[in-house]
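Following: one structure in structure tokens, then a few remarks.
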Amino acid sequence: MIEYRWEDLNYEINNTIDLGLPVEFWWRNDGAVSKTKELSQLSSLASNEGVSIGVSIIPERMSSDIIGHFEDLNNIFILQNGFKHINYAPSSEQKIELGKHRPIKNITRELKIGHNKLYSAFNSNFLPILVPPWNRISSELVSCLPSLGFHGLSCYKPRSLAFPVSNIVQINTHIDLIDWSGNKRFIGTGAALALACQHLSNKREGRVDPSEPTGLLTHHLLMDFPSWAFVGAFVRRTKSISGVKWKCIPEVFDKK
């Protein structure tokens, strides 16, 4: 992957705005289960930069101490990160929890239990948005989401359809900061900027849905100093450009 500079991001943003297309960003953080210093750092960074985060929590692994952490944070909203975040696929296949390796009735029962658990814990701060572990989910299960009380779906890479099924809006992320095939740490500033630039250029050139906001994806438990520094700089630099908008999480998944 070609590494990009901050100047390249400015170029892509300004060219996209000049064409009359929206330049909108949003932030999703995955894999929360308990109150940690990394979760506190995530919350502080978002508050200091004045942006909203959708924090996906794994319901079955959630500890009680995480509930109080979000009580006074009106810029953070809770999403559902599967149920147990367990892989049920054989080693020859990609990891997936919400796939075809179990009876669908078992999966839907778990998702409903997780949905109820998060709603009970977080009330209006919980948004009924499903974040599949490893960003993978079977199409059959997507069709079941409205009946389980979900309003939205969020995976990784540009979406194919804004509404994969009736009453489910899909808003994905596009800038994953973790090198999953390598050391499972920050991919680096140049590589992260490349992902942002590529999504913007693909929107501008009609290769992906131009109305889908560009999603930043973090995993707080795997963040190091360079990755935290990148997020802060990315938010500040993009917010300083006229015409750029960082969307609040309920607004991201507004089905209008």
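For a quick protection proxy, order the peptides 117-130, 25-38 by their average other-Cβ count within 10 Å, most packed first. Walk me through the numbers on the way to the answer.
Values: 117-130: 17.9, 25-38: 20.6.
Output ranking for 117-130, 25-38: 25-38, 117-130.
So for the chain: antiparallel DSSP bridges make up what percent, rounded to the nearest 5? Don't jump to the answer; show the numbers that get you there.
On the way: 2 of 28 bridges.
In the chain, approximately 5 percent of DSSP beta bridges are antiparallel ones.
At a 1.4 Å probe radius, carbon and sulfur cover how many percent of the accessible area of region 123-240? Please list the in-between numbers first.
Working: 2380 of 4590 Å².
Carbon plus sulfur share of accessible area: 52 percent.
Give me the 1.4 Å probe accessible area per residue for region 136-256, excluding ligands and nucleic acids, in Å².
On a per-residue basis, region 136-256 sits at 42 Å².
Please report the antiparallel percentage of the DSSP beta bridges confined to region 111-256, to the nearest 5.
So the antiparallel bridges amount to about 20 percent of the total.
Alpha carbons only, please: Rg and Dmax for region 145-187, in angstrom.
Over region 145-187's Cα set, Rg and Dmax evaluate to 13.9, 39 Å.
Take the Cα coordinates of the chain, assign each an equal point scatterer, and use the Debye formula without solvent to give log10 I(q)/I(0) at q = 0.09, 0.12 Å⁻¹.
For the requested q values the scattering log ratios are -0.38, -0.69.
Restricted to Cα positions, what overall size does region 106-203 have along the principal axes? Three whole-Å values, descending.
So the extents along the principal axes, rounded to whole Å, are 41, 27, 27.
When a/c reaches 1.5 or more, the comparison of a/b and b/c decides; with that in mind, is region 23-117 rounded, prolate or oblate per its Cα gyration tensor? Could the numbers behind the result be given before it?
On the way: a/c = 2.31, a/b = 1.83, b/c = 1.26.
It comes out prolate by the Cα gyration axes.
Determine the share of region 11-63's accessible area contributed by carbon and sulfur atoms, expressed in whole percent, with a 1.4 angstrom probe. Intermediate results must be reported in sequence, preceding the final value.
Details: 910 of 1990 Å².
That share works out to 46 percent.
Calculate, for region 47-92, the solvent-accessible area per residue in square angstrom, rolling a 1.4 angstrom probe over the heavy atoms of the protein chains.
On the way: 2000 Å² over 46 residues.
Roughly 43 Å² per residue, with all protein chains present.
So what is the relative contact order of region 144-222, in percent, for Cα pairs below 8 Å that sit 6 or more residues apart?
Working: 110 pairs, mean separation 23.9, N = 79.
Once normalised by length, the contact order is 30 percent.
Using Cα positions and a limit of under 12 Å, work out the aspartates and glutamates in reach of residue 184, with same-chain residues fewer than 8 apart set aside.
176, 224
Show that you can apply the helix-only estimate: for the chain, add -39,500 (n - 2.57) for every DSSP H stretch of four or more residues, divide by all residues, and state [θ] at 222 nm to the nearest 500. Can you show the working numbers first?
Numbers: 8 runs with 89 residues, N = 256.
Helices in the chain give a 222 nm mean residue ellipticity of -10500 deg cm²/dmol.
Please tell me the relative contact order of the chain in percent, rounded to the nearest whole number, where contacts are Cα pairs under 8 Å and at least six residues apart. Numbers along the way, then the final one.
Details: 460 pairs, mean separation 70.6, N = 256.
28 percent.
The values are calculated or read from the model by the stated rules, or taken from the named source; none is laboratory data. Since the model is a prediction, treat every value here as computed from it, not as a measurement. Note that each Cβ is placed from the backbone with ideal geometry, even for glycine, and that neighbours are counted across all protein chains shown. To get the accessible areas, we keep the full protein, side chains included, count just its heavy atoms, and leave off ligands, DNA and RNA. Shrake-Rupley method; radii C 1.70, N 1.55, O 1.52, S 1.80 Å.
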